[in-house]
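Here is the structure we will look at, set down as structure tokens.
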Amino acid sequence: MTEPSHVPEVRTRAVVLAASTCIGFMLLGSLFGWLTTAEPDLEWYEGLVRPAFEPPAVLVLLVHLLYYPLFFVLFFRAFSLPHDRGTRRRIVGLALGAMAIYTAWNPLLVGFRALVFGVAGNVVLFGVVGLLALVLRRQDRLSALLLLPYLLWVAFDVLWSFELLRLNP
């Protein structure tokens, strides 16, 4: 069976849109972090009492390394699969929302020295990623399955941030 002639164009467009979105958020996050987080802020954060169940640094690094490739795949599939316009908008909007919250979380928490921002940001992020997982479950099971570990990570992060706030009133 041969593909319709427009399929390579759709895939190319999907790759460009997905890559541009992820690279844009990487750059935005770097810029936002650079503008809002100074060395004294990092010292403040390092001086906080940490929850006993803090994940090992290698696990945190792995999550951060897989974050952008995961969202690249989600965007690529949203742009390249034959979703109706409303479904595509929901998927892309929720994914953009999740990335915006993730991008703002650390600069808000550390830059303003406000642990409550960390808790609020993680709760909202969990809600957005949870909604995204529900939409994907009905529309694109593979993307939903790929998102599940990240959803579990964000759930863990909600608990961790509540405990960090409790330990550092």
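Observations
- Between Ser20 and Ala100, residue separation times 0.36 nm minus the direct Cα-Cα distance comes to 27.4 nm.
- Residue-normalised accessible area of the chain, given per residue in Å² at a 1.4 Å probe: 59
- What you get for the chain, charging only the Cβ of Lys and Arg (+1) and of Asp and Glu (-1), is a dipole of about 760 debye around the Cα centre.
- Computed across the chain, the Kirkwood radius stands at 17.3 Å (inverse of mean 1/r, all Cα pairs).
- Carbon-plus-sulfur accessible fraction, the chain (probe radius 1.4 Å, protein heavy atoms only): 71%.
- Residue order for Glu163, Glu43 - accessible surface, 1.4 angstrom probe, largest first: Glu43, Glu163
- Positive-end extreme of charge dipole, the chain - chosen from Trp160, Ile91, Thr103 (charges on Cβ): Ile91
- Solvent-accessible surface (1.4 angstrom probe) belonging to Thr12, in square angstrom, nearest 10: 90
- In this label model, Leu42 and Ala114 are separated by 2.3 nm, measuring between points 7 Å along each Cα→Cβ vector.
- Loop exposure criterion: chymotrypsin sites (Phe, Trp or Tyr not before Pro), DSSP state outside H, G, I, E and B, at most 15 other Cβ atoms within 10 Å. Applied to the chain, the longest stretch between such sites is 54-111.
- Note, ³J(HN,Hα) from phi for region 56-70, Karplus 6.51, -1.76, 1.60, rounded to Hz, x at Gly and Pro: x, 4, 5, 5, 4, 4, 4, 4, 5, 5, 8, 4, 5, x, 4
The values are calculated or read from the model by the stated rules, or taken from the named source; none is laboratory data. A quick note: this is a predicted structure, and the numbers were derived from the prediction, not measured. Note that we place each Cβ from the backbone using ideal geometry, even for glycine, and neighbour counts take in every protein chain shown. The protein model used for the area step is the full one, side chains on, heavy atoms only, and it has no ligands, DNA or RNA in it. Shrake-Rupley method; radii C 1.70, N 1.55, O 1.52, S 1.80 Å.
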